[in-house]
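The values are calculated or read from the model by the stated rules, or taken from the named source; none is laboratory data. Note that the structure is predicted; figures quoted are calculated from it, not measured. Cβ sites come from the backbone with ideal geometry, for glycine too, and all protein chains shown count toward neighbours. Quick note on the areas: whole protein, heavy atoms, side chains included, nothing else; ligands and nucleic acids left out. Shrake-Rupley method; radii C 1.70, N 1.55, O 1.52, S 1.80 Å.
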Amino acid sequence: MHFGPKYVVIMFGHRKVPMTTPSIRRAHFLVSAVIAITISAAAMAQSAAPTPQPRIALESVTGAEPLREGIAIQSGSATLRITALRDDIIRVRIAPGSALPEDASWSVLPASREKSVDVLPTQDSASVGFRTKSLDVQVERNPLRIVVRDLAGNIICADALGRPTEFALGGFTVSKEMPLDNRFFGLGDKTGSFDRRNQAYTLWNTDHGIEESLDPIYKSIPFFLSISDGRSYGLFLDNTWRTWFDFGKRSRDSYSFGAEGGPLNYYLIYGPTPKQVIEGYIFLTGTPPLPPLWSLGFQQSRYSYAPESELRKVADLLRAHKIPSDVLYLDIDYQYRNRPFTVDPVTFPGFPALVSDLKKQDFKLVVITDLHVARVANQGYMPYDTGHAGNHFVKKADGSEFVGIVWPGPAVFPDFTRSQTRAWWGNVYKQFVDDGVAGFWNDMNEPAVFNGPAFTMPLDNIHRIDEPGFATRTATHAEIHNVFGMENERATYEGLLKLRPNERPFVVTRATYAGGQRYSFTWTGDNSSTWNQLRLGTQQTLNLGLSGISFVGDDVGGFGGSPPPDLLTRWVQIGAFKPLYRDHSTKGSLQQEVWVHGPEHEAIRRRYIETRYRLLPYIYTLADEASRTGIPLVRPLFLEFTNYFGGIDTEFLLGPALLVAPQPNGEMPEDYTVSYPPGDWFDFWTGEKMPHSTPGPNIVHVGDAIAKGESLPPGKSTVIHPTLATLPVYARGGSIIPLQPLIQNTEQTPTGPLELRVYPGENCNGSIYLDDGHTFAYQHGEFLRQSFTCQFEKNTITVRFGERTGTFAPWWKQFEVVLYGWPSASAKTTVTGSPAVLKTKYDSGTHALHVVVPDMAGKGELRITE
């Protein structure tokens, strides 16, 4: 926290300086936590808190009126409105008085919120409600309780007994039943265990860094996924105030959630599968945009590469060491006196030439642009002068401009709830865009304020809401805080769209809210160089994916501290299978570029970065899927294998086809067990069919089995002896995975055939998506999409090529089909439209048959007979 030039600087969150000793760095967290708790309690008591109201509990139904799309209910003075947006999505709005609050949302798309379906009203002496084609929604009359069932009568979600909905002190609490086998996931990148059961969380965007049990941290996504008895639903509480979720920490048989203010407005999304729930949540909050291809390459960052010569040196070394890479970052030290949107003329004297030279080396430059604008009037500092003249900054309760201390010293903050302010902010990027900067990094946007209460703005600061779909009004920071970072990234994204209309923006943000996936990538924040945080990063990535954020990663190697060689190597390996692949470290730590620990570690790390680039066709195809459906690239196993919870805390999937299984305790090289979901699996590195051992213990827990102690058909397992050189990765039987020849960056065109790895198994299929990688031409048909299937009959395998759609021409002229699990070199091949006998090559080490066939844009097939 920065108290001015005459005080010691103790920084909280991102870029802690200048603490030079390990003991001080460790002490920083303890001090920040104690001060945060103390100040936070005081901050909550500010006048920004909602006006206290008498306690109101919904006890019984006193009136009911059927609606075309649902039902309206009175409970004494309280009002309920339950409606069906779709047959599988129910919206619940409750107010303590006769009028519901304003129907507006920063998160839910207007077209989705306004959607509805006709329902069938139902009632009897005990309840009143309605049915859709998927759900039976009943409100029990006395005591009042909302119960949602599927049409077979199975309870999906039910209010807890007693008084499940209460209003008090300006806020509310809702309680729901929690069966014994109930699991909970989501809420973004919260720490703690992957399964949220028996834990409680506060959603309040906070710059505290990351510790294994620290809460709250950077993001507030009040959506969770519930899985119980083989059925899934999601619950999204659309409330931007300080909210909380308790999954059984206080009560063993119920979970609860609430807010200190704002509307009681939640959506219940039915599956029954987890993937259907995620798709429903994305229907509400929107899909992520298709990112530029280069953003999926390897990215190198540090706080800071300064002066300019340091960045040039790193660029030269990446190319000299043949480390495939696409992106370099500049953290705040490139700026003049830490002022956003400036460049230090001494340390970076030729900024446009630097950007141009990096481009010649096929590097994209991403620079940090924090949202705190230095309060320096009449000094030629454009962001402040134009922002002040346009009345674009957040106000104090008395109407004056709020000033807080951040990196540049006294700073002001754009009022992103105004559409005019977002437009102004977006245009501030013009000079950087003209210079050729490729992407932008929005940090410190919780917002972090070093001298503010709980390290943020006072809660009674005033925001002016001037936004389509909202009533024009003012709101306190207590209401806007959690959505502030998302509106910052939105302003950046939309501004770049206007400045470069045919280039896909790349924005990465630290703080966000539900729906933030529409505008940017994110990362998990300021982690540390420990094995625990490596494990935590995977769990955070998975829960962010389940919370709608598909494009995410953690800082490879850890931001704070210096990773030992083995830890950095393992992190580089695991990071290769996550969407955002960025190596980033703090000032004062040891260098952690790929080559720093000598040739042995460098060779291992290079191999995995090269694997990432070879897998880009598969990863880019997953990115296309995410942009259309919201299904994340990195997935927990149960997203593809419903009700399978083996390896839940350590294993993950990249798409449907690749299983990544790092050891649970990387610092202890002990044997461990990899659990495989049902079906066949192949070692991705050796081609060997797995597993070698007998089926493992029961690891699937669903329905009554957990209560009775009965076993369900388990997956299989293999005991692994870990080595640093190899991260266990497995390909799913029934998958066709596209790979490309190795390139050094995404500006290069691969040379050779597109490889299609075929792994025998049920429902064998795969696909590929391709476009120019950076423009919006794909929206006008300039893309390539093709599917593949395979069929196995006795000694014959048929690989079928679907008809290609789109007008984009591929870089390849041939396919190299690699068939795994083939028993010998004996093979006869025929291909549609060619009388020639194709040449084959057999690799006995991987049990793989290689067949090169001509490119097929239309339907065709390759038949292979032993």
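For a straight C-alpha distance cut-off of 16 angstrom, the lysines reachable from K828 (same-chain residues fewer than eight places away being disregarded) are K794, K839, K841.
How would H597, H721 line up by accessible area, probe 1.4 Å, largest first?
The residues order as H721, H597, largest area first.
Note down the net charge around F341, summing +1 for each Lys or Arg and -1 for each Asp or Glu among other residues with Cβ under 13 Å from its Cβ. Intermediate results must be reported in sequence, preceding the final value.
On the way: positive: R337, R339, K430; negative: D344, D370, D385, D434, D435.
Here the charged neighbours net out to -2.
Sparse packing (at most 12 other Cβ atoms within 10 Å of the Cβ) combined with a DSSP loop state is found for the following GluC sites (Glu not before Pro) in region 713-764: E762. DSSP assigns beta bridges within the chain; of those with both partners inside it, close to 85 percent run antiparallel. Using only Cα coordinates, the Kirkwood hydrodynamic radius of region 416-573 works out to 17.3 Å. Dipole of the chain computed with +1 at Lys/Arg Cβ and -1 at Asp/Glu Cβ about the Cα centre; of P565, L784, W204, farthest Cα towards the positive end is L784. Computed with a 1.4 Å probe over protein heavy atoms only, the accessible area of R81 comes to about 80 Å².
Beyond 32 Å in Cα-Cα separation lie the following of the pairs K322/K587; K359/K396; K115/K364: K359/K396; K115/K364.
Within region 579-622, none of the chymotrypsin sites (Phe, Trp or Tyr not before Pro) combine a DSSP coil assignment with at most 14 other C-beta atoms in a 10 angstrom radius. If you compute P(r) over Cα pairs in 20 Å bins from 0, in percent for the structure shown, which of [x] 13, 36, 35, 15, 2; [y] 15, 47, 33, 6, 0; [z] 13, 39, 35, 13, 1 do you land on? After the calculation, the listed value that fits is [y].
In terms of its C-alpha gyration tensor, region 76-115 has an oblate overall shape, because the principal axis ratio a/c (a ≥ b ≥ c, square roots of the eigenvalues) is not below 1.5 and a/b does not outweigh b/c. With the whole protein complex present, F682 retains an accessible surface near 10 Å², based on a 1.4 Å probe.
When only the Cβ of Lys, Arg, Asp and Glu is charged (+1, +1, -1, -1), the dipole of region 548-662 relative to its Cα centre reaches about 180 debye. Ordered from highest to lowest accessible area with the whole protein assembly present and a 1.4 Å probe, R319, R91, R252 read as R252, R319, R91.
Accessible area per residue for the chain, computed on protein heavy atoms with a 1.4 Å probe, is 36 Å². Hydrophobic long helices, here whole DSSP H runs in the chain with Kyte-Doolittle means of at least 1.0 and Cα atoms spread over 30 Å or more along the helix axis, are found at 22-44. Cut-off under 17 Å on the C-alpha distance; same-chain residues fewer than 8 positions from K859 excluded. Which lysines are left, in chain and number order? The reachable lysines, counting only those whose Cα sits under 17 Å from K859, are K813. Between G515, H584, G495, the Cα set farthest toward the positive side of the dipole of region 463-588 (charges on each charged residue's Cβ, about the Cα centre) is that of G495. Isolated cysteines in the chain, defined as those with no second cysteine Cβ under 4.7 Å, comprise C157. Of the whole protein surface, E793 contributes about 110 Å² of accessible area at a 1.4 Å probe radius. The dipole here belongs to the chain: it is taken about the Cα centre, uses +1 on the Cβ of Lys and Arg and -1 on the Cβ of Asp and Glu, and is about 380 debye. Ordered by 1.4 Å accessible area with all protein chains kept, Y336, Y493 run largest first as Y336, Y493.
Overall shape: oblate for region 398-496, with the ratio a/c of the largest to smallest alpha carbon gyration tensor axis at 1.5 or above and b/c at least equal to a/b.
Bridgeable aspartates and glutamates around K313 (alpha carbons under 19 Å apart, same-chain partners fewer than 8 residues away excluded): D326, D331, D333, D344, D357, D362, D583, E593, E602.
When both region 404-457 and region 298-365 are represented by their alpha-carbon centers, they are found 21 Å apart.
Dipole check for region 768-866: with +1 at the C-beta of Lys and Arg, -1 at the C-beta of Asp and Glu, and the Cα centre as origin, the magnitude is about 320 Debye. Once you have the Kirkwood Rh of region 203-256 from its Cα pairs, apply Stokes-Einstein at 4 °C and 1.567 mPa s and quote D in µm²/s. Here the translational diffusion coefficient equals 100 µm²/s.
Rounded, prolate or oblate: which fits region 401-454, taking a ≥ b ≥ c as square roots of the Cα gyration tensor eigenvalues, rounded meaning a/c under 1.5, else prolate when a/b beats b/c? Walk me through the numbers before you get to the answer.
Details: a/c = 2.36, a/b = 1.62, b/c = 1.46.
Here region 401-454 falls in the prolate category.
Here the relative contact order of region 109-199, from alpha carbon pairs under 8 Å that lie six or more residues apart, stands at 13 percent. Taking other residues whose beta carbon is less than 11 angstrom from the beta carbon of Y778, and scoring Lys, Arg as +1 and Asp, Glu as -1, yields -2. Dividing the helix sum by the residues of the chain, where each DSSP H run of 4 or more adds -39500 (n - 2.57), gives a mean residue ellipticity at 222 nm of -6500 deg cm²/dmol. Each of T865, P854, Y644 was placed along the dipole of the chain (beta-carbon charges, centred on the mean Cα), and the one lying farthest toward the positive end is P854.
Maximal additional length on extending the Q814-T122 stretch stands at 243.0 nm, based on 0.36 nm per residue less the C-alpha distance. Histogrammed with a bin width of 10 Å, the alpha carbon distances of region 724-801 distribute as 15, 34, 33, 15, 2 percent, first bin at zero.
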